[in-house]
Structure formats: structure tokens, C-alpha cells
1. Can you put 256, 179 in order, fewest other beta carbons within 10 Å first?
2. Over the Cα atoms of the chain, each weighted equally, I'd like the Debye log10 I(q)/I(0) at q = 0.14 Å⁻¹, rounded to two decimals.
3. When a footprinting reagent is the concern and you count Cβ atoms within 10 Å, what order do 247, 78 take, fewest first?
4. If I model a spin label at residue 160 and residue 3 as a point 7 Å from the Cα along the Cα→Cβ vector, what separation in nanometres do I get?
5. Over all alpha-carbon pairs in segment 169-283, figure out the percentage whose distance exceeds 25 Å.
6. Before rounding to the nearest 500, sum -39500 (n - 2.57) across all DSSP H runs of length at least 4 in the chain and divide by the residue total; then give [θ] at 222 nm in deg cm²/dmol.
7. How far is it, in nm, from the label point at residue 183 to the one at residue 138 when both lie 7 Å from their Cα along the line to the Cβ?
8. At residue 148 and residue 206, where each label point lies 7 Å from the Cα along Cα→Cβ, what is the point-to-point distance in nanometres?
């Protein structure tokens, strides 16, 4: 069959496809999927159920998915937030969708075994992770949120779910400066260029497509180089950067292997030898 839908946003195989694609693609069976919840801080989503397969994107603790199939230790899922389709290890999915009350707002933070910073850490969490707070406690002047099992997290590293941090996603992106670059990354532990745009916008209550080509086609409106201002996006083939002001940009990039700040004209000159000139500018 020719002109098949984008496999990143449409779930289909010869044996199985999502119900909404009935009549669009041929498959032996069609399913609507069952709800699931990501139950680990960060999990890589892949195009194939193989550890050797590169990462397309990542899903974060507390994000919801629709599980289309499970087999051989893998779950084939579609993310509810951005519609991305792929495979994650089945241990990363909980079948029970719990009520999650808060979202992590620090780029990175820790969960402690008890509400005391001197106690052992249980795990590290990323901005965008969603948690269920059941109580709170004050220890030596530091406020903690209590989680299941008596575990605790620093309260001022969290906000109520559904409460945007601010209207300025650029200030959120700047908090990731020096975060390692990671292809397919979408967390405070490692992030790529389009992941930085998407996660920063998500924290301000805005949605954005996941990949650079998707953002270049449909995020906001097209503008010219001369109109650039804070918050605008600059696109190259396979890359996107966020304007911090009319002359400086922020981007997760393979040159520094981190989120860094760079002059716009310097970036255009440096990137040009490999990826030519910018392909476009957009105002989200």
C-alpha cells in the first residue's frame, strides 16, 4: 500500500492497527488499546521492540498511553500527549491509571526514603514527571511532599498538576543549560533540540509536536529572519533552536553535546557548512 501514514503518529502493522485506521491501512485486526500509565521516571520509546534500535523519543513518569499490544517483554503503545507510537519495555507500564496530583518542576530532583535530606535517595526524577502526593511534612524548615510508602520529595521542586509554571517557555528552556545532549532525549537527564522545545512548552501549558520536522510544519506561524524575537524558533534541516532574544538562541546541540547559548549569526555560520542555511523561522 502506498502513501502510508506517518508511522511515528499512526500505529499499524500487518497484523494489528489502531481502530481509527480501519479503512486507511490493511491489518488483520484493529484495536482501540487499553489505558496505561508510565511508572518509571524516564523510558525510551523505540520504533522496534529491540534494545539495539535507536531511541525515537522518551516517555515520562505519570504520562498516559494506550497499550495496543504486549509481547516478548515489550509493550506497543501510543502516547496520549503527542500521539507518538513505539515500543517500551512492558515493566514501564502500569495498567492502573492513578490520580496524579503534582508535576516535578525542577530539571532534576530526588525522591528520599523519608522526609529528610539526610536519608537515602530512592530514585531521581525529571522535570515533567507526575506524582501522587498524599501528605506533607516539615523537617528542619524544609517542606516535603509525602508519596506512597512514606517516601518524600522536596515540595518546592513540584507544582500542582495542571498549573502552568509561567507563560514564558524560554525561561523554562534556559533552566536546562548544560544538560547533556541526548538523541531522542526528553528529560532533565538528557535532551535533544526538539525535546527541549516540547518539554519547555509543556511546562507552560502549551503543546508542541515532538520532532523537528513536525514543529517546522505546524507549530505556530511562519515569520522572517528580520522579525525574530524572544520565543521564536529557528529551523535547520534536522535541528531547531529557541531565540532567547533577537540575537541569541538556546538549543540542545551535538556541537557542545549540551544545551547551550549561542549567538544567532555565529550558529548560522557554524552550522551552515554541514546543514546549509536555516530552512525557516516560526513564532509558536
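Nothing in this text is a laboratory measurement; each read-out follows from the coordinates by a stated rule. Predicted model, so just to flag it, every value in this text is computed and none were measured. With ideal geometry, Cβ positions are generated from the backbone for all residues, glycine too; neighbour counts draw on all protein chains shown.
1. Numbers: 256 14, 179 22.
So the residues, fewest neighbours to most, are 256, 179.
2. Log10 of I(q)/I(0), two decimals: -1.06.
3. Lowest count first: 247, 78.
4. The two pseudo-label positions are separated by 4.9 nm.
5. 9
6. Taken over the chain, the calculation gives -3500 deg cm²/dmol.
7. That separation, rounded to one decimal, is 5.1 nm.
8. Placing both labels 7 Å beyond Cα along the Cβ direction yields 3.5 nm.
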